[in-house]
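Asker: Sharing a structure, written as structure tokens. Questions coming.
The values are calculated or read from the model by the stated rules, or taken from the named source; none is laboratory data. Treat the numbers as computed from the prediction; the structure is a model and nothing was measured. Note that we place each Cβ from the backbone using ideal geometry, even for glycine, and neighbour counts take in every protein chain shown.
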Amino acid sequence: MKKLVLTLAAMVALTASAQQFEVVNVEQVPTGDHSMTFHPRFMPDGKLLVSAQNYDGLALIDVKSGEYTLLTEMQGAGYYAVISKDGKSILTRNMNKETFTHDIYVLDVESKALKTVAKEVDYLNQMNFNGGVATLAVEGKTMSKKMVDDKASKASLDDLLITEEDLKIVVYANGNRTVLDPLAGQLGSWDPQYTWTSLSPDKSRILFGCAGDAYVCNLDGSNVVKLGDLRSPSWRGNTHVVGMRDEDDGYYYTKSDIVIVDVTGNNYQQLTTSSDEIKMFPSVSADGSKIAYHTSDGKIYVMTIKEK
């Protein structure tokens, strides 16, 4: 009987880790000798939005031809930049690294012109850009400003802004600010510190990182699910999360691969093949079929995946 129980347990473990996705192909993107070849993000037209390793500047790279278009060299412009749904505008920032304040702009992709949203804002992380309306948190309150006519999306008065402040998750909704601490008391004497927060596409759950693991929870911080060992997590639809699983020696990354897991915490799968290349900071296309990531030496790859 004991042997049977162990066998059943092994079968359950195998099922839980069964591969859900097939990697169809992986292509290296031609990047030339440009320095902005990090943190790739998909534009609606299939091009990649990239920045420097420290998030300075923004540029576009054509995945097939490698055509490179510089958009701006502003400091920190790539940090949590938000692409409009029509791909014509980008909500971005210029970081003053001496005063730690931010000037927030909407960048017109075609003309490269900047429209000012706010000046000298204290340090902030996530921002929203929906229906041409830019929303950010300033001094504990949200401010919204209509910047462009974006007919591809419609802004709603009850749009949620999920961000981190003082390493806690903060939810802004309908003019109310709520601080969440979903792992309070679960890490012993250590005070949980949260990063990489984002809202699911259906606006029902929050994805966040803490102590090297990724988690999802409800909007009120309840029903926490641990997804496992991955950093820089991002949504693939409402059902899966993509991230990187890395190792370091205390100073430098020594290994990293791209992984995917469903939001129940099951079916954790490594998508990249382990090698000397350190694969980092993945992002997912809108249809979920492609994943872009960079390596520590600035190469960019696009992986095509298919759900089995």
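Asker: Among residues belonging to the stretch 169-184 that are surrounded by fewer than 17 Cβ atoms within 10 Å (Cβ to Cβ) and modelled with pLDDT of 90 or more, point out the one that is nearest to K146 (Cα to Cα).
Answerer: Of all residues in the stretch 169-184, those surrounded by fewer than 17 Cβ atoms within 10 Å (Cβ to Cβ) come to 173-179, 181, 184.
If we keep only those that are modelled with pLDDT of 90 or more as well, we get 173, 176-179, 181, 184.
Details: A173: 18, N176: 20, R177: 21, T178: 24, V179: 26, D181: 32, A184: 37 Å.
The qualifying residue nearest to K146 (Cα to Cα) is A173.
Asker: Among L107, L124, which is the only one that is in contact with a Leu (Cβ under 8 Å, 6 or more places away or on another chain), modelled with pLDDT under 95 and closer than 24 Å to P201 by Cβ?
Answerer: None of the other options fit; the residue is L124.
Conditions tested, residue by residue: (1) within 25 Å of Y293 (Cα to Cα); (2) surrounded by 14 or more Cβ atoms within 10 Å (Cβ to Cβ); (3) touching an Asp or Glu at 6+ places or on another chain (Cβ under 6 Å).
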{"position": "D56", "(1), (2), (3)": "yes, yes, no"}
{"position": "Y68", "(1), (2), (3)": "yes, yes, no"}
{"position": "Y80", "(1), (2), (3)": "yes, yes, no"}
{"position": "S84", "(1), (2), (3)": "yes, yes, yes"}
{"position": "L114", "(1), (2), (3)": "no, yes, no"}
{"position": "V117", "(1), (2), (3)": "no, yes, no"}
{"position": "E120", "(1), (2), (3)": "no, no, no"}
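Asker: Sticking with this one: Quick check on my filter: what residues within the stretch 22-35 are touching a residue at least 40 places away in the same chain (Cβ under 8 Å) and assigned to a loop (DSSP other than H, G, I, E, B)?
Answerer: Once the filter is applied, which keeps residues that are touching a residue at least 40 places away in the same chain (Cβ under 8 Å) and assigned to a loop (DSSP other than H, G, I, E, B), the stretch 22-35 yields T31, S35.
Asker: Separate question: Do any strands (runs of 3 or more DSSP E) lying entirely in the stretch 38-90 carry at least 2 residues that are in contact (Cβ under 8 Å) with a residue 60 or more places away in the chain and out of contact with any Pro (no Cβ under 7 Å at 6 or more places or on another chain), and which ones are they?
Answerer: Details: elements: 38-42, 48-51, 58-61, 68-72.
Here the list reads 38-42.
Asker: Going through the stretch 98-109 one residue at a time, which ones are surrounded by 11 or more Cβ atoms within 10 Å (Cβ to Cβ), not in a strand (DSSP E or B) and not hydrophobic (A, V, I, L, M, F, W, C)?
Answerer: Step one: of the stretch 98-109, the residues surrounded by 11 or more Cβ atoms within 10 Å (Cβ to Cβ) are 101-109.
Next, from what is left, pick out any that are not in a strand (DSSP E or B): 109.
None; the set is empty.
Asker: Give, as residue ranges, the strands (runs of 3 or more DSSP E) completely inside the stretch 203-308 that count at least 3 residues that are touching an Asp or Glu at 6+ places or on another chain (Cβ under 9 Å) and buried (at least 19 other Cβ atoms within 10 Å of the Cβ). It would help to see each step written out before you state the result.
Answerer: Numbers: elements: 205-210, 213-218, 225-229, 231-236, 240-248, 253-262, 279-284, 290-295, 300-307.
In the stretch 203-308, 240-248, 253-262, 300-307 are the strands (runs of 3 or more DSSP E) which contain 3 or more residues that are touching an Asp or Glu at 6+ places or on another chain (Cβ under 9 Å) and buried (at least 19 other Cβ atoms within 10 Å of the Cβ).
Asker: Are any residues in the stretch 107-134 over 27 Å from F208 (Cβ atoms) and not small (G, A, S), and if so, which ones? Walk me through how you get there before you give the answer.
Answerer: Within the stretch 107-134, the subset over 27 Å from F208 (Cβ atoms) is 107-116, 119-120, 132.
Selection gives L107, D108, V109, E110, K112, L114, K115, T116, K119, E120.
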